[in-house]
Amino acid sequence: RREKQTMKNKIINILLAILIVSIIATIVLIIIKYGRSQKNEKELKEVVATITTQIQENKEENEPIGDIEVKGYKVVGIIKIPKINIEYPILEKTTDEAMKYSVTHFWGDEVNAIGNYTIAGHNNMDGTMFGNTSELDIGDIIELTGLDGKKIQYQIFKQYIIDPEDVSCVKSVKAGTREVTLITCTNGHKNRRVTKAREINQNQ
């Protein structure tokens with residue numbers, strides 16, 4: 001009995017040790033990931049500031065600014081959502097790698113063109129990227145700025161959840177209008193949260 005009890009205690013101690021090590025490792029990984037995220041956020045703010053400055057400088061010529069990149073991905077515009085305090089450069093295409101760095105162009109012709117312009121972004125736990133889009137309400141504002149300096153405000157009119165395979169959200173709800181659609185993961189990547197907005201000046 002003593003031997004069995006001793007063996008049982010050893011197993012319990014080993015399991016506890018493994019659990020403690022796992023918890024410590026998880027905490028360390030979270031801290032590292034948070035640090036990287038904050039560094040990336042700082043870099044993106046600098047990119048947005050650079051774009052804004054160049055747009056202002058080129059305003060008189062009425063020409064788009066020169067190419068600006070983030071980690072090798074071309075920037076095509078800026079998205080700003082005042083309510084959740086985010087402002088990011090929009091990268092030219094959606095790939096797993098590009099989405100590590102910023103929000104990305106998923107569908108549509110150009111920023112602020114007639115039609116539906118779709119932007120994809122990660123649902124980060126720390127609230128960065130599209131992590132706080134669940135806090136948005138109907139009527140909230142999304143602002144897009146193209147590299148030509150044209151700035152348009154869009155008002156949210158619909159929010160819903162879809163399956164990952166459902167891409168119908170990229171279609172325009174109302175033909176001949178400017179629309180923007182945000183897509184992000186939800187429910188442990190099992191679903192997608194869709195936020196749709198339409199240019200404020202259009203008849204709604």
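Compute the signed sum of charges (Lys and Arg +1, Asp and Glu -1) over the other residues within less than 12 Å, Cβ to Cβ, of Thr104.
+1
Amide H to amide H, which residues 5 or more places from Asp140 or on other chains are under 5 Å from it, using H placed in the peptide plane?
Ile156
When the scattering of the range 153-204 is computed by the Debye formula from its Cα atoms alone, each counted once and equally, what is log10 I(q)/I(0) at q = 0.23, 0.24 Å⁻¹?
With one equal scatterer per Cα and no solvent, log10 I(q)/I(0) is -0.82, -0.87.
Kirkwood Rh, Cα Rg: Rg to Rh for the chain?
1.17
Could you work out how far the C-alpha centroid of the range 43-95 sits from that of the range 177-198, in angstrom?
21 Å
Given a 1.4 angstrom probe, what's the average accessible area per residue across the chain, in square angstrom?
Counting only protein heavy atoms, the per-residue value for the chain is 62 Å².
Distance in nm between label sites at Ala175 and Ile84, each 7 Å beyond Cα in the beta-carbon direction?
Spacing of the two 7 Å Cα→Cβ label points: 3.2 nm.
For the chain, what does -39500 (n - 2.57) per DSSP helix run (n ≥ 4), summed and divided by total residues, give at 222 nm, in deg cm²/dmol to the nearest 500?
-10500 deg cm²/dmol, from helical runs alone.
Provide the packing ranking of 114-121, 143-150, i.e. peptides ordered by the mean count of other C-beta atoms within 10 Å per residue, highest first.
Output ranking for 114-121, 143-150: 114-121, 143-150.
Taking only Cα atoms, what is the 0 to 90° angle, nearest 10, from helix 2-57's long axis to the longest principal axis of the chain?
The answer is roughly 20 degrees.
The values are calculated or read from the model by the stated rules, or taken from the named source; none is laboratory data. Owing to the predicted nature of the structure, the values given are computational and were not obtained by experimental measurement. Heads up, the Cβs are rebuilt from the backbone with ideal geometry, glycines too, and the neighbour counts pull from every protein chain shown. Only protein heavy atoms, including side chains, enter the accessible area calculation; ligands, DNA and RNA are left aside. Shrake-Rupley method; radii C 1.70, N 1.55, O 1.52, S 1.80 Å.
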